[in-house]
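The values are calculated or read from the model by the stated rules, or taken from the named source; none is laboratory data. In this text the structure is predicted, and so the values were computed from the model without any measurement. Glycine gets a Cβ as well: all are built from the backbone with ideal geometry, and neighbour counts include every protein chain shown. SASA here: full protein model, heavy atoms, side chains in, ligands and nucleic acids out. Shrake-Rupley method; radii C 1.70, N 1.55, O 1.52, S 1.80 Å.
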Amino acid sequence: MEPWAEKGDEAESAKVTAQLLKARTGEFDLESILLLKLRGLGLADLGCLGECANLEWLDLSGNAVSHLGPLGSLKALAVLNVSANRIASLEPLAGCERLQSLNAAGNLVSSPQQLRGLAGLRHLESLRLSDPVGRLSNPLCASAGYRAAMAEMFPGLKVIDGERVSGRGSELYQLCKELDSSLRRAHGSGGAGAAELAGLSTPWVQEGYWEVRPARRSSIVEEACKQFSEVLQECRELSQRADDSISQAERALSGRPDASSYLF
């Protein structure tokens, strides 16, 4: 099993079908689906996914997807994770007008031209093509000047590969990064006290600390509240059943003879 595949997830189908979506979400109407997690299912064909017209959050990581065509009709999509797939071109995402965050690390994007379709996305703030922690990348990331080319192509980006490059906090991020680099050089110098520093120093900021998290729209919050309310209602019903069972037991025991009759 690949490292990104979740335990218990089997390759239910190589193609996204209405039956699969309904089974995963519990929604009868595909247009009612707002959040969707299809991680590690061995999916290669996105099928009818484009019919989820109001979808806002989608996780397709760890599959075998090579073509994103059906996603072009998802006008409301704000957060998309297609990491660890077989995608060479992100051109179809040009139709995702509200896309704010895109994780496409671990794919086959090899040239800036394969990203041109994203240039018109006015709301795109975070783009990840490389994930060192997950050991995921794209051939493009190995080219000289990759980061500078991304910043030039997408001047509206605030975060590239998890690092803030513009906006509030970018200067502090760079300062902390330079301090971390200085400490690592000191550790490797073998000078006096280097061993002690190596055991004491830790990174100034954690991985992804400055990464922009797009504000969730009200419909996503409403969906989360709906699910929480349903669980809470189930808990109340179970509590009521427990109280009824206890009451019945107490009534049955209240009519028993002397307690000593239960002693042997």
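Structure values in brief
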quantity	calculated
Test result for Ala76, hydrophobic (A, V, I, L, M, F, W, C), closer than 25 Å to Leu34 by Cα, in contact with a strand residue (DSSP E or B) (Cβ under 8 Å, 6 or more places away or on another chain) and assigned to a loop (DSSP other than H, G, I, E, B)	no
Sole residue being of a type in the set (Val, Ile, Thr) and surrounded by fewer than 18 Cβ atoms within 10 Å (Cβ to Cβ), chosen from Val65, Val79, Val109, Val133	Val133
Residues (under 15 Å from Leu115 (Cβ atoms) and not in a loop (DSSP other than H, G, I, E, B)) located in region 79-93	Leu80, Glu91, Pro92, Leu93
Residues of region 25-41 satisfying the condition of being crowded, with 17+ Cβ neighbours inside 10 Å and under 10 Å from Ser61 (Cα atoms)	Leu38, Arg39, Gly40, Leu41
Some residue of region 94-112 being among the charged types (D, E, K, R) and assigned to a loop (DSSP other than H, G, I, E, B)	yes
Matching residues in region 112-127 - criterion: being among the small types (Gly, Ala, Ser), over 19 Å from the mean Cα position of the chain (by Cα) and open to solvent by less than 40 Å² (accessible area, probe 1.4 Å)	Gly117
Scan of region 39-60 for residues that are under 19 Å from Leu124 (Cα atoms) and touching a residue at least 24 places away in the same chain (Cβ under 8 Å), ordered by number	Asn54, Glu56, Trp57, Leu60
Residue match in region 89-99 (condition: of a type in the set (A, V, I, L, M, F, W, C) and open to solvent by 40 Å² or more (accessible area, probe 1.4 Å))	yes
Hey, Gly26 under 19 Å from His123 (Cα atoms) and at pLDDT below 95 or not	no
